[in-house]
Structures are given as structure tokens and as C-alpha cells.
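Step one of this worksheet: look at the structure below.
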Amino acid sequence: MSRIVKEFVKGLWAELPPFRVLLGLCPTLAVTSTADNGLGMGIAVLSVLTLSNMIISCLRKIIPAKVRIACFIVIAASLVVAVELLMQAYVYPLYLRLGIFVPLIVVNCLILGRAEAFASKNGVVLSIADALGMGIGFTASLTFLGAIREILGHGTIFGHHIMWSSFHPAELMGKAPGAFIGLGIILASMNALNRYLSRRKGETPPDIMNSGCASCGACGACGDIKDLNSK
């Protein structure tokens, strides 16, 4: 039970996908102009990630190693199509706002990275816990960044006005540069908080490692590329 909790919790802070290991930055920067956009994209990714991890874990012993990446992509693509159709049927305005980034979930490095690094090597329960933790962390991250940009750029949160009448929105935060500014502020704040907590505990401040490859360690995709380049 402790292993299940550990795999779930790691995605909520220690390996928070967009802010700690920098996975899934494309939708993080592109669709977070508002909180509801971030929440919608996060839930879509969470659904695909959880189901793909579960299916890949079930099939891990029968998928040939040489075609595993292709099989992972086929599984993810099938799930993305299902999610896309559901969004068109029930949340069509949100689907229009997210645009091309819904079908592009299939190439989100978070989906393929967790499939290769975790689901293909672990059981179903652990794989689901890993996917839920990573997916919830990803959803919370997108919603948080979207909320910051929406408040500063429009004076609203989930479409509701919350700022005072004389508030002048910073229109830049609602545009593309605002995503980079918000991301930078969040990354700097998290790194500063980690170093502060480490110093309070008398520990050596951790190295700043906001890198997907640095935290992955188990993904075979990089190894495959290196092998191809050496031939």
C-alpha cells in the first residue's frame, strides 16, 4: 500500500510534470490563457494518461520490445480520438478553444514518457496510481497557471469578475508572452521554496533540475536514439 501511495504522491510535487520535470510544456504554455482552458486540457490528458497506462501495463508482456513505441502511440491515439469525440459531444465550446492541442495529446511527452518509463515495467495498480498522480499534478498545474494569467490579464477567474472596479488588467498576461512570464515566476518560486525548506532542515540545498531527462532515468527512447546515431 505504501508503494501505491508513493507512486501517486510523487506526481503532485516531487515530479510535478510541467514545473518540476518540464513535461508537457506545449499545452502548458499554449492553452492556459484562462483557468477553465487549463482545467479542461488537464482533465483530457488525465483521462488519456490513466487509460493508456492501464492498457499498456496489461499488455506489457505481449507487446514486442522492438515495436513497443509504435504500440504505445497507437494505444494513445485511439484514446485521444475517443476523448476528442466526447469533448465535441458534451463540451464543444471548450473543444473549440483548445483547438489543435486536443488531438496533439497523442504526442504529449508525458503520455509516452510514463508509458515507457513506468507502465511497461510495472503492474496495473501501480501504473494507475502513477498516472493519476501525474495527471492530477498536470491538471492542477495548468489550472493554476491559467488562473494566474486570467486574473492578471482579465480580472476574472473561471469567467467571474473578482477584481476591484479600478483594476487595470495586464493584457500581456493573456497573450503568448504571459505564459512564459507566468511559467518563469512559478519555476523560480518553487526552486526558491525547495532551497529554503532544505536550509531550514539543515540539509544541503538540492540542485536545480527542471529537466524531463534528468528526472526520467528509465526511458529507453533516448537510448534507442543514441544507438541509432552510433550506427
Leu193 vs. criteria in contact with a Gly (Cβ under 6 Å, 6 or more places away or on another chain) and loosely packed, with under 15 Cβ neighbours inside 10 Å:
no
Which members of region 130-147 meet the condition of being over 12 Å from the mean Cα position of the chain (by Cα) and surrounded by fewer than 21 Cβ atoms within 10 Å (Cβ to Cβ)?
Phe144, Ala147
Phe101 passes all but one of (1) more than 16 Å from Met41 (Cβ to Cβ); (2) surrounded by fewer than 18 Cβ atoms within 10 Å (Cβ to Cβ); (3) modelled with pLDDT of 95 or more; (4) aromatic (Phe, Trp, Tyr); which number fails?
(1)
Residues in region 137-162 that are part of a loop (DSSP other than H, G, I, E, B) and more than 25 Å from Leu25 (Cβ to Cβ): how many?
3
Do we find that Gly113 is out of contact with any Ser or Thr (no Cβ under 9 Å at 6 or more places or on another chain), touching a residue at least 24 places away in the same chain (Cβ under 8 Å) and crowded, with 19+ Cβ neighbours inside 10 Å in this structure?
yes
Ser52, sole failed condition from (1) closer than 17 Å to Val125 by Cβ; (2) over 17 Å from the mean Cα position of the chain (by Cα)
(2)
Condition first: surrounded by fewer than 13 Cβ atoms within 10 Å (Cβ to Cβ) and either within 27 Å of Leu12 (Cα to Cα) or not hydrophobic (A, V, I, L, M, F, W, C) (or both). Now tell me which residues in region 46-80 satisfy that.
Lys61, Pro64, Lys66
Within region 70-84, is there a residue that is at pLDDT 95 or above and touching an Asp or Glu at 6+ places or on another chain (Cβ under 9 Å)?
yes
Only one of Ser165, Ser198 is outside any helix (DSSP H, G or I) and either over 19 Å from the mean Cα position of the chain (by Cα) or at pLDDT 95 or above (or both). Can you tell me which?
Ser165
If I ask for residues that are assigned to a helix (DSSP H, G or I) and within 10 Å of Ala119 (Cα to Cα), which ones from region 51-71 would you list?
Ser52, Asn53, Met54, Ile55, Ile56, Ser57, Cys58, Leu59
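The values are calculated or read from the model by the stated rules, or taken from the named source; none is laboratory data. What you are looking at is a predicted structure, and each value in this text was computed from that prediction instead of being measured. Note: ideal-geometry Cβ built from the backbone for every residue, glycine included; neighbour counts use all protein chains shown.
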